[in-house]
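**Q** So that we are looking at the same thing, I have put the structure below in structure tokens.
The values are calculated or read from the model by the stated rules, or taken from the named source; none is laboratory data. Please read these numbers as outputs of a predicted model, since none were measured by experiment. Every residue, glycine as well, gets a Cβ built from its backbone with ideal geometry; the counts of neighbours run over all protein chains shown. For the accessible areas, the whole protein counts, side chains as well, though only heavy atoms, and no ligand, DNA or RNA atoms are used. Shrake-Rupley method; radii C 1.70, N 1.55, O 1.52, S 1.80 Å.
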Amino acid sequence: MSITVNGLDELRKLAGGELGASEWIEVTQQRIDTFADATGDHQWIHVDPRRAAEGPFGAPIAHGYLTLSLFIPLFTELLDVRGVTTKVNYGLNRVRFPAPVTVGSRIRLVARLAEVEDVPGGVQITVDGSVEIEGGAKPAAVLQSLSRFYA
């Protein structure tokens, strides 16, 4: 379920609040292979299903950075900021990958808007996010993301 805000003042009012959970998405072998092609990271643990089946996880796993890259499409399901001219990713304060995402797993983002602070011409938001694996004991990724919105 998406939260929609109109402008920076409404965004500021959400500081400290929960944004909820995105829909589940499946991490397919095709998605993993496409990411490997885009990045040049063709390590067998990701792209060789037969060999990976005999590896430590019993199946191919998604690249950690693939899981991280899915933050933005999952996040946009949670928060829609209107009435701004520009939205940019500003960076990350921290990222950890506690559990691997095996091919065929479903993941979702659970997020909290930790902070909203003024920057010249707009605001910077800090989002605490956890990428959950359906049925998993540990998250696939835990991160703190920074984005900027300009009026």
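**Q** How about region 66-81: which of its residues are surrounded by fewer than 19 Cβ atoms within 10 Å (Cβ to Cβ) and either outside any helix (DSSP H, G or I) or hydrophobic (A, V, I, L, M, F, W, C) (or both)?
**A** Correct list: ILE72, PHE75, ASP80.
**Q** Same structure, new question: Kindly indicate whether any position in region 44-65 is closer than 22 Å to ARG96 by Cβ, at pLDDT 95 or above, β-branched (Val, Ile, Thr) and open to solvent by less than 70 Å² (accessible area, probe 1.4 Å).
**A** yes
**Q** Please list, ordered by first then second residue, the pairs with beta carbon atoms under 8 Å, 6 or more apart or interchain, first in region 18-31 and in a helix (DSSP H, G or I), second surrounded by 13 or more Cβ atoms within 10 Å (Cβ to Cβ) and of a type outside the set (Phe, Trp, Tyr).
**A** Partner pairs satisfying both residue conditions: GLN29/PRO49; GLN29/PRO60; GLN29/VAL103; ARG31/ALA62; ARG31/LEU66.
**Q** For residues that are open to solvent by less than 30 Å² (accessible area, probe 1.4 Å) and farther than 29 Å from LEU79 by Cβ, tally how many sit in region 10-43.
**A** Here the count works out to 1.
**Q** Hey, another quick one. Filter region 82-108 down to residues that are of a type in the set (Lys, Arg) and closer than 30 Å to ARG51 by Cα and give me whichever is least open to solvent (accessible area, probe 1.4 Å).
**A** ARG108
**Q** Confirm whether THR126 is surrounded by 14 or more Cβ atoms within 10 Å (Cβ to Cβ), outside any strand (DSSP E or B), out of contact with any helix residue (DSSP H, G or I) (no Cβ under 6 Å at 6 or more places or on another chain) and polar (S, T, N, Q).
**A** no
**Q** Still on this structure, please answer the following. Name, by its number, the condition in (1) in contact (Cβ under 8 Å) with a residue 40 or more places away in the chain; (2) open to solvent by 60 Å² or more (accessible area, probe 1.4 Å); (3) under 17 Å from ILE25 (Cα atoms) that does not hold for ALA111.
**A** Only one criterion in (1) in contact (Cβ under 8 Å) with a residue 40 or more places away in the chain; (2) open to solvent by 60 Å² or more (accessible area, probe 1.4 Å); (3) under 17 Å from ILE25 (Cα atoms) is unmet by ALA111, namely (2).
**Q** Taking region 93-128, which residues are within 12 Å of the chain's Cα centre (by Cα), under 20 Å from GLY17 (Cα atoms) and aliphatic (A, V, I, L, M)?
**A** LEU109, VAL110, ALA111, VAL127
**Q** Under 17 Å from the mean Cα position of the chain (by Cα), modelled with pLDDT of 95 or more and of a type in the set (A, V, I, L, M) - does that describe any residue in region 84-91?
**A** Looking for residues that are under 17 Å from the mean Cα position of the chain (by Cα), modelled with pLDDT of 95 or more and of a type in the set (A, V, I, L, M), one finds at least one in region 84-91, hence yes.
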